[in-house]
Structure formats: C-alpha cells, structure tokens
Amino acid sequence: MRKRKEVWGIFTQLTFLNTIIIALVIAIAGFTVKNYACTLVNQQEITGTDLEILLNQYLVKVSILAFLLAGGFHFLLLKWLIHPLKKLTAATQELKKGNHPKRLKNPLIYEVKELNDAFNDLTERTARVKSKQNRLLKDLSHELRTPLTNLSGYLEGLEKGIVKGDQEMYRSLQEETTRIERLLEQLARINQWTSDGEMKDFKRDKILIHQLIKRRITIFHIKFLEKGIMVDDTLEPFTLEGSIDGLNQVLSNLLQNIVDYDNGKKVRIESCVEEGSYVIRFSHEGKRIPVEESELIFERFYRVDPSRSPLTGGTGLGLAIAKEIVLAHGGDLSLATDGLHHTFEIRLPK
C-alpha cells in the first residue's frame with residue numbers, strides 16, 4: 001500500500017509539473033499570436049486573406065517553437081527526476097557486488113528522499129552485519145586456535161616420543177577437548193534461540209517467574225558464599241508465559257556473570273510489573289565496563305578483558321545466549337552502567 005502511495009505521489013507531481021509547463025507554453029503562444037495579429041491589423045493595416053496567410057505562417061512557427069520549448073522543459077524535468085534514481089540504481093549494483101557504496105544525498109522529491117533514506121539504512125545495516133560476521137569468524141578462530149594448538153603439540157610430542165603419556169598429560173588433553181566441546185555446545189545453543197533457529201516457536205508454559213528467580217538464587221547460594229557476596233532480593237509475584245529452561249538459562253548466565261566479575265560483595269535483585277512488562281534488575285559493583293561498550297558485551301565472544309584469557313572471561317557467549325533467549329520471548333536485555341556500577345535489566349512482556 002505504501003509503495004502504491006509513493007508511486008502515485010511521483011505520478012501526481014509529474015502530472016502537475018507537466019500541466020504547468022503546457023499551460024505556460026499555450027499561454028505564451030496565445031499571447032504572442034494575439035500581439036502579432038494586433039500589430040498586423042492596427043499598425044500595418046493588413047486584413048482579409050493576407051492577414052489569414054500571415055497568421056497561419058506565424059502560428060506554425062509559434063507551434064514549432066512551443067513544441068521545442070515544452071519538449072526541452074520536459075526533458076530537463078525528467079532528467080532532474082531520474083538522476084537520483086540512476087544514482088540509486090548504480091549504488092544498488094555496487095551493493096549487489098558486495099561493495100559498500102557511499103551514502104546517497106537526498107533529493108528534493110519527497111518520495112525519492114524516502115527511498116534514499118531506506119537504501120542508506122539498508123547499506124549501513126549490511127555493513128554492520130558484515131563487520132559482525134568478520135569479527136565472529138576472527139573471534140571463533142581465536143577461541144579455537146589455542147586448544148587446538150595445545151592438542152596438536154601434545155599429540156605430536158607423544159608421537160615423536162618427546163613427551164611420555166601420564167595421568168597429568170591425559171588430564172590436560174581432556175581439559176582442552178572439553179573446552180572445545182563446551183564452546184561448540186554454546187554456539188549450538190545460541191543458534192537455537194535466534195529468529196531462524198529451532199526454538200523460534202518454543203512451547204510456552206505458565207511460569208511463576210518470582211519463584212523461578214528465587215530458585216536460581218538458592219542454587220547460586222554456595223557460589224555467593226564462597227565469593228563473600230551478599231544477596232538482597234525483592235521480588236513481586238507474577239505469572240507469565242515462557243520457556244522454563246530458557247529463562248533458567250538467562251538467570252543462570254547473569255548470576256554467573258555477577259559471581260565472576262563482582263567487586264562490591266553485594267548484589268541487589270528486584271522485580272516488578274512496569275509499563276506492561278515484568279522487569280527484573282540485577283545491580284552490583286563489578287569490574288570496569290566502559291560506558292560506550294555497554295551494548296557490546298551482549299555480542300558473541302566479546303570480552304572487556306583485552307587479553308581474552310579463558311581464565312578471566314570464559315567463552316564470551318554467556319550474555320549473548322541470554323540476550324537471544326530474552327529476544328525470543330519478545331523482551332529485551334540491557335545494561336545500564338557508569339563504568340563500575342552495573343544494572344542488568346530483563347524486560348519480559350506480560
């Protein structure tokens with residue numbers, strides 16, 4: 001419907017402009033013929049057949065001139081209208097080839113301006129997706145390189161007799177294998193919850209969400225004690241529909257993130273119904289997260305720690321998995337931070 005309106009808008013503008021041009025040409029031609037006739041009659045006193053012949057000759061000349069003027073104006077008008085469309089076509093061809101075209105300037109025509117805005121938005125989104133894909137491949141390569149290099153080194157050493165197999169050696173090999181398996185398992189889990197994954201149309205159960213949160217806190221009680229973290233929770237009772245396993249995964253990932261990175265030794269967990277959503281907030285003082293990177297932490301493999309050590313950052317997929325699960329429920333997961341004081345917020349539709 002919108003495309004039809006845009007096409008109709010351009011057609012209306014063209015018709016209006018062409019009508020104005022034709023009307024102006026007719027008016028000029030008529031005014032010129034009238035003045036010429038008056039000049040012949042009043043000043044030169046030509047009448048009868050001679051006047052008719054001269055007027056016919058003059059009318060032919062004026063008609064030819066009017067045709068050339070109207071055609072010229074029409075050609076320039078069409079060229080002015082088609083020029084931004086030709087630029088758009090060329091940019092589309094560049095995008096089709098995999099290149100990133102320059103941002104198109106907006107013309108004066110409103111409908112073409114809307115089309116340009118949509119195309120510019122598409123190219124920017126495509127560039128961001130391509131950048132994310134490249135970074136994902138780079139990060140995945142980085143994550144797999146270390147354990148595979150270790151495994152290759154150990155196996156080559158065993159093959160050449162440089163090292164001898166013992167309990168400690170086999171335990172190290174098992175740890176590297178487990179690390180790769182855990183990484184691939186988490187990648188499979190996160191892909192299940194994306195828009196085109198297996199969990200797109202998951203079964204929704206009625207969940208007492210406040211009880212689900214309470215049970216997760218209880219399960220993490222020992223971990224909090226070991227880290228000396230105090231938990232203060234205020235949970236509003238509420239029932240909503242969703243995946244029990246999925247929401248348990250979200251809560252576990254967030255609580256584990258707090259356990260791994262907490263510095264303040266206290267976490268505040270609260271939930272309430274707010275603006276048509278059930279909102280859950282986890283607030284604590286943790287390791288520094290630059291404010292400008294508050295959204296990046298939900299990206300796959302992203303770690304604040306530039307060293308990317310598995311000892312300090314796991315696989316970098318926990319928060320990305322949580323984000324995908326919440327999005328699949330029609331909600332949102334975000335982070336508000338001043339750099340040190342962090343509040344993770346889950347919004348689930350009622």
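Any read-out appearing in this document is the output of simple, stated calculations on the displayed coordinates, not a laboratory observation. From a predicted model like this one, the values you see are computed outputs, not experimental measurements. Methodologically, a virtual Cβ is constructed for each residue, glycine included, from the backbone with ideal geometry; neighbour enumeration extends over all protein chains shown.
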DSSP-assigned coil residues among GluC sites (Glu not before Pro) in segment 220-297, each with at most 12 further Cβ atoms within 10 Å: Glu275, Glu295
Whole-Å semi-axes of the ellipsoid equivalent to segment 205-349 (Cα gyration tensor, √5λ, descending): 23, 17, 14
